[in-house]
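First comes the structure, then the notes that go with it.
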Amino acid sequence: NDIHVTIHADNSISVTDNGRGIPTDVKMNDKHEPKRSAAEIVMTELHAGGKFDQNSYKVSGGLHGVGVSCVNALSSWLRLTVRRDGKKRFMEFHRGVAQDRVIEVVDGVEVSPMLVTGDTENRGTEVHFMADPTIFGTVEYHYDILAKRMRELSFLNNGVRIRLTDLRSGKEDDFAFAGGVKGFVEFINKTKSTLHPTVFFANGEK
């Protein structure tokens, strides 16, 4: 329920949360050789995110499982850190390709787990990436555009706090809005003349 987005001085972006952490176990039914971790599969295959835990990251405003794998493919480099089950694990990708892969043999089968870099009492996932300038031309981010999107996501995901920090300028915002879509509509209506003052809404689960 706590997400921190940081724009670094080099225009790389990091996103850190305090969730369960992307699963890191090796999937022995993986058709790839060597068998990969669930985290690597999520980072490199479209629509893979929902296969391992349908409810871990059920949020509004997602891209049906294509988001992080596309970010990975379109980044000069991406560094994934997962804190889960008392361990801190790390993996790096260049333009979507795993680097310095760990290879082990388990029961005669080659597997490629994430590298364990230490112990931790914390949990969560950190994704730090540099958008590929050969693809995008420019990778300079506009703070106000990102802040607007973070505000929208905070409204749409009730109870989620999203912090945005810009290390280039020192700007910082903390979005922790309640009220869901109703609160979002009330927010955007503040400067408008409305037909009726009451926002009608309903909620439920599918």
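What follows draws every value from the coordinates through simple rules; no lab data is involved. Note that the structure is a prediction, hence the values are computed from the model and not measured. FYI the Cβ positions are ideal-geometry reconstructions off the backbone, even for glycines, and counts take in every protein chain you see.
Taking the Cβ of residue 191 as the center, what net charge do the other residues with Cβ under 15 Å away carry, scoring Lys and Arg +1 and Asp and Glu -1?
With Lys, Arg at +1 and Asp, Glu at -1, the net is +3.
Among rounded, prolate and oblate, which fits the stretch 142-206 when a ≥ b ≥ c are the square roots of the eigenvalues of its C-alpha gyration tensor, a/c under 1.5 means rounded, and a/b larger than b/c means prolate?
It comes out oblate by the Cα gyration axes.
Report the local net charge at residue 133: Lys and Arg +1, Asp and Glu -1, summed over other residues whose C-beta lies under 15 Å from its C-beta.
Every neighbour counted, the sum reads -2.
What's the FRET efficiency of residue 192 with residue 46 using the Cβ-Cβ distance as r and R₀ = 41 Å, to the nearest 0.05?
Step by step, r from the Cβ atoms, then E = 0.60.
Of 137, 12, 160, whose Cα points farthest to the positive end of the dipole of the chain (charges on the beta-carbon: +1 Lys, Arg; -1 Asp, Glu; origin at the Cα centre)?
Looking along the dipole axis, the top candidate is 160.
Could you identify which residue out of 192, 88, 182 has the top mean-square fluctuation in a GNM of the chain using Cα springs shorter than 10 Å?
192
Restricting to DSSP H runs of at least four residues, report the calculated mean residue ellipticity at 222 nm for the chain, -39500 (n - 2.57) per run over all residues, nearest 500 deg cm²/dmol. Show your work: numbers first, answer last.
Details: 5 runs with 41 residues, N = 206.
Value at 222 nm, helices only, nearest 500: -5500 deg cm²/dmol.
So which residue, out of 174, 166, 107, gets the largest mean-square fluctuation from a GNM of the chain using Cα contacts under 10 Å as springs?
Highest fluctuation among the options: 107.
List the lysines whose Cα lies under 24 Å from the Cα of residue 148, skipping any in the same chain that are fewer than 8 positions away.
Cross-link targets: 58, 171, 182, 190, 192.
Considering the chain as a Gaussian network with a 10 Å cut-off on Cα pairs, which listed residue, 90, 136, 155, attains the greatest mean-square fluctuation?
Highest fluctuation of the listed residues: 136.
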